[in-house]
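Data block below; observations after.
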Amino acid sequence: MIDEDIWKRRFWAYTAVRLASLAVFFLGIAVAYSDLVRAGGWPQIGAAIAIAGALATVLAPRLLKRNWDQQNP
């Protein structure tokens with residue numbers, strides 16, 4: 001039962017990290033193409049934020065898994 005609780009928490013943490021990273025990506029798109037930060041958008045800053053979000057979407061869950069694998073030899 002305890003093992004199941006750990007895996008449930010890990011699943012939700014994994015999902016939360018993925019969704020948060022995806023939100024950062026979409027924030028970057030919004031900054032680039034909308035009037036969110038300044039009139040006419042801000043493509044350079046938006047692109048940097050979107051790239052950071054995309055990288056986090058791919059890399060953050062892998063880092064979580066690596067950390068969990070080290071905790072459970």
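Taken together, the values in this text are just the output of simple stated rules run on the coordinates, not laboratory data. This one's a predicted model, so the numbers in the text were calculated from it and none came from an experiment. Cβ atoms come from the backbone with ideal geometry, glycine included; neighbour counts cover every protein chain shown.
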Where a residue in segment 50-70 is closer than 17 Å to residue 15 by Cβ and its partner, wherever it lies, is in a helix (DSSP H, G or I) and among the basic types (Lys, Arg), with Cβ under 7 Å and at least six apart: 57/18; 61/18; 68/10
Please find, within segment 5-29, the residue that is farthest from residue 67 (Cα to Cα) out of those that are β-branched (Val, Ile, Thr) and without any contact (Cβ under 8 Å) to a residue 12 or more places away in the chain. 15
Report yes if residue 30 is touching a Leu at 6+ places or on another chain (Cβ under 8 Å), in a helix (DSSP H, G or I) and either surrounded by 15 or more Cβ atoms within 10 Å (Cβ to Cβ) or not aliphatic (A, V, I, L, M) (or both), otherwise no. yes
Quick check on segment 37-45. Is at least one of its residues in contact with a Pro (Cβ under 8 Å, 6 or more places away or on another chain), touching a residue at least 12 places away in the same chain (Cβ under 8 Å) and not hydroxyl-bearing (Ser, Thr, Tyr)? no
